[in-house]
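Colleague: Take this structure, written in structure tokens, and hold onto it; I'll ask about it next.
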Amino acid sequence: ETAVFQTPNYHVTQVGNEVSFNCKQTLGHDTMYWYKQDSKKLLKIMFSYNNKQLIVNETVPRRFSPQSSDKAHLNLRIKSVEPEDSAVYLCASSYDWGNYAEQFFGPGTRLTVL
Amino acid sequence: GDSVTQTEGLVTLTEGLPVMLNCTYQSTYSPFLFWYVQHLNEAPKLLLKSFTDNKRPEHQGFHATLHKSSSSFHLQKSSAQLSDSALYYCALRASSSFSKLVFGQGTSLSVVP
């Protein structure tokens with residue numbers, strides 16, 4: 001099966017803790033993304049990598065850091081979580097970073113910060 | 001900057017009635033427009049994307065036409081089905097900013113019997 005996989009599905013943690021989310025795509029794509037979907041369902045790009053290189057870095061707090069070991073994997077680490085980090089984090093990938101490239105999304109990781 | 005505005009909040013329709021979800025955009029450069037659909041507890045999936053010529057994209061009975069004069073890409077369907085109930089996002093990719101998709105706030109469509 002070829003798709004975008006994310007782990008974990010859910011994560012509950014306390015303020016100040018560090019969390020890491022994993023994303024893997026088996027579609028053979030060169031470009032991967034992290035999006036944040038908040039409680040109001042607003043969907044915003046956070047980072048984009050093309051072939052392990054960072055190409056889009058939106059204005060996100062420094063406690064967020066993406067990590068890419070190869071073009072099929074893109075992880076997200078949050079160093080010291082805050083309550084406003086509670087959201088669904090969606091990973092996506094596309095064939096390339098061109099205008100028409102369809103983005104395929106994973107099922108998301110729901111983070112709850114207590 | 002680039003932005004997308006959609007029909008606000010929740011749209012409730014009776015099965016069989018036509019669907020129209022509004023999407024307007026602002027962009028300095030010629031954008032590409034997309035509609036994504038997200039069913040409950042599922043990942044967003046591409047529904048439609050605009051063409052550079054005047055072709056009208058269609059998928060699963062949905063269609064949308066890019067009107068540059070009015071900066072719009074409204075989503076339409078002639079007859080709503082119960083399975084169309086989902087969250088719909090209109091998104092824009094400006095030709096100047098490869099790989100970055102800007103999403104509208106989403107419109108939740110609920111189709112009732």
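Colleague: For the range A:70-113, what are the residues that are among the charged types (D, E, K, R), farther than 28 Å from B:Cys90 by Cβ and in contact with a strand residue (DSSP E or B) (Cβ under 8 Å, 6 or more places away or on another chain)?
Modeller: A:Lys71, A:Arg77, A:Lys79, A:Glu82
For every residue, the table says whether it meets (1) among the hydroxyl-bearing types (Ser, Thr, Tyr); (2) out of contact with any Lys or Arg (no Cβ under 7 Å at 6 or more places or on another chain); (3) within 18 Å of B:Phe103 (Cα to Cα); (4) surrounded by fewer than 13 Cβ atoms within 10 Å (Cβ to Cβ).
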| site | (1), (2), (3), (4) |
| --- | --- |
| A:His29 | no, yes, no, no |
| A:Tyr33 | yes, yes, yes, no |
| A:Asn57 | no, yes, yes, no |
| A:Lys79 | no, no, no, no |
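Colleague: Let me ask something else about it. Criterion first (buried (at least 18 other Cβ atoms within 10 Å of the Cβ) and within 13 Å of the chain's Cα centre (by Cα)) does A:Gln6 satisfy it?
Modeller: yes
Colleague: Select from the range A:64-114 the residues that are among the charged types (D, E, K, R) and within 14 Å of chain B (Cβ to nearest Cβ) and list them in ascending order.
Modeller: Those that are among the charged types (D, E, K, R) and within 14 Å of chain B (Cβ to nearest Cβ): A:Lys71, A:Asp96, A:Glu102, A:Arg110.
Colleague: Which one is surrounded by the fewest Cβ atoms within 10 Å (Cβ to Cβ) among residues in the range B:7-63 that are acidic (Asp, Glu) and within 14 Å of another protein chain (Cβ to nearest Cβ)?
Modeller: The residue in question is B:Asp53.
Colleague: Looking at the range A:96-111, can you tell me whether even one residue there is of a type outside the set (Lys, Arg) and farther than 29 Å from B:Leu48 by Cβ?
Modeller: Yes, because at least one residue in the range A:96-111 is of a type outside the set (Lys, Arg) and farther than 29 Å from B:Leu48 by Cβ.
Colleague: Looking only at the range A:57-68, decide whether some residue is modelled with pLDDT of 95 or more, under 30 Å from B:Gly9 (Cβ atoms) and part of a loop (DSSP other than H, G, I, E, B).
Modeller: Scanning the range A:57-68, I find no residue that is modelled with pLDDT of 95 or more, under 30 Å from B:Gly9 (Cβ atoms) and part of a loop (DSSP other than H, G, I, E, B), so the answer is no.
Colleague: Scan the range B:65-73 and give yes if some residue there is at pLDDT below 95 and within 14 Å of chain A (Cβ to nearest Cβ), otherwise no.
Modeller: Checked against the condition, which is being at pLDDT below 95 and within 14 Å of chain A (Cβ to nearest Cβ), the range B:65-73 yields at least one hit.
The values are calculated or read from the model by the stated rules, or taken from the named source; none is laboratory data. Everything numeric in this text was worked out from a predicted model, so none of it was measured. Heads up, the Cβs are rebuilt from the backbone with ideal geometry, glycines too, and the neighbour counts pull from every protein chain shown.
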